[in-house]
Amino acid sequence: MKEYNVAIVGATGVVGEEMRKVLEQREFPVKELKLLASARSAGHRLTFKRAGIIVEELTKDSFKGIDIALFSAGGSVSKEFASYAVKAGAVVIDNSSAFRMDKDVPLIVPEVNPDDVKTHKGIIANPNCSTIQMVVALKPLYDKSKIKRIVVSTYQAVSGTGKEAIEELLSQSKKIILGENEIEADVYPHQIAFNLLPQIDVFLKNDYTKEEMKMVNETQKIMGDPNIGISATCVRVPILISHSEAVNIETEKKISSSEAKEILKNAPGVEVIDEPKNCVYPMPIFAVGKDACYVGRIREDESIKNGLNLWIVSDNLRKGAALNAVQIAEILVKRKLL
Ligand code: 3JN
């Protein structure tokens, strides 16, 4: 089998680390793995398939001989360096929002719009984590009946922000449990431990946050339907890993809750966990380290004619980021698009 030279840009971040893990776990055909990061992290030794790899500083010359470059170092790094990777002949799979809404850049969720990869011109965008898990669960329902409107509230784990946010939640929690009064907030505008923040990313002119508008714009692009109405409220919760979403949809034609369950049971990337009588439903602690989008609490919205409510939970670092990116790379390999 053909093997590929792969680079991870942002290799020491939470998503970069997960990418390395997912490449190994899925036995992606890696010939050589290059780990790239800022000068600050260069020199660190990380392991891949039991071998040590020294992290190198990312420069414009880092991509010679690279076939696939997985970027997860933030939008400004992608904007500065993705073009060098493309010029060197690599296909970039970018986990930032830098290129997601560019007309020339396909925005891919393998279970939803795998064929769009064909249109790539060197860069393929990986959607926002909250968007990915929602469209994986909604696409199979959309295929049964067009979705007219989506109202979603998210409950997002701090790992979506990165390592500093994980440390901040843990250290604030410890202090509070020990009865200390001085709680510092550095990463978020307010204390996150024992609290909820109805703000993810910055506020825009329309008073929605950027995260909320990402969910709107990215969902329309991935589903290929600019007419879906979407209203999102994104909330940061004191959870380490796994995002949860309460999703309400209005469909053109009626889908009963039992039909929805059947459809979702057979949907790729979805697992239905829905036994209300036994208090069984998806929860973030259960989704950590797993690949599926877990769906439960499937029920008809009794306030409208054609409405459904769903609860969707998935590991934001895996399906929401690293796993989706590696699955895109797998499509490229399978379709010989490299
Ligand atoms: O906060 C989360 O749970 C997800 C965060 C995603 C994020 C954080 C900073 C910058 C993104 C993203 O993937 O959209 C970006 C960005 O690339 O704009």
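The values are calculated or read from the model by the stated rules, or taken from the named source; none is laboratory data. Predicted, not measured: the structure shown is a model, and the values here were computed from it. When we count neighbours, we look across all protein chains shown, and the Cβ atoms used for this are built from the backbone with ideal geometry, even at glycine.
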Exercise. When you go through P110, P127, P106 one by one, which is the residue that is under 15 Å from the mean Cα position of the chain (by Cα) and crowded, with 22+ Cβ neighbours inside 10 Å?
Worked result: P127
For this session: Sort through V117, V136 and tell me the only one that's under 30 Å from G307 (Cβ atoms), modelled with pLDDT of 95 or more and in a helix (DSSP H, G or I).
Result: V136
Problem set entry | Top-ranked residue in segment 80-103 [being part of a loop (DSSP other than H, G, I, E, B), within 16 Å of the ligand (Cβ to nearest atom) and not polar (S, T, N, Q); ranked as nearest to the chain's Cα centre (by Cα)] | R100
Exercise. Of the conditions (1) surrounded by 14 or more Cβ atoms within 10 Å (Cβ to Cβ); (2) more than 21 Å from the chain's Cα centre (by Cα); (3) in the same structural domain as F99 (by TED's automatic domain parsing), Q191 fails just one. Which one is it?
Worked result: (3)
Problem set entry | Unique match (being of a type in the set (V, I, T) and either modelled with pLDDT under 95 or part of a loop (DSSP other than H, G, I, E, B) (or both)) among I304, I230, I263 | I304
For this session: Answer with yes or no whether G89 is at positive phi and in contact with a strand residue (DSSP E or B) (Cβ under 7 Å, 6 or more places away or on another chain).
Result: no
For this session: Would you check if L178 is surrounded by fewer than 13 Cβ atoms within 10 Å (Cβ to Cβ), aliphatic (A, V, I, L, M), away from the ligand (no atom under 16 Å from the Cβ) and assigned by TED's automatic domain parsing to the domain that holds S256?
Result: yes
Seminar exercise, completed: Counted residues in segment 57-79 being more than 16 Å from the ligand (Cβ to nearest atom), within 24 Å of K163 (Cβ to Cβ), surrounded by fewer than 18 Cβ atoms within 10 Å (Cβ to Cβ) and not hydroxyl-bearing (S, T, Y) come to 1
Seminar exercise, completed: How many residues of segment 198-227 are of a type outside the set (D, E), part of a helix (DSSP H, G or I) and crowded, with 20+ Cβ neighbours inside 10 Å? The answer is 6
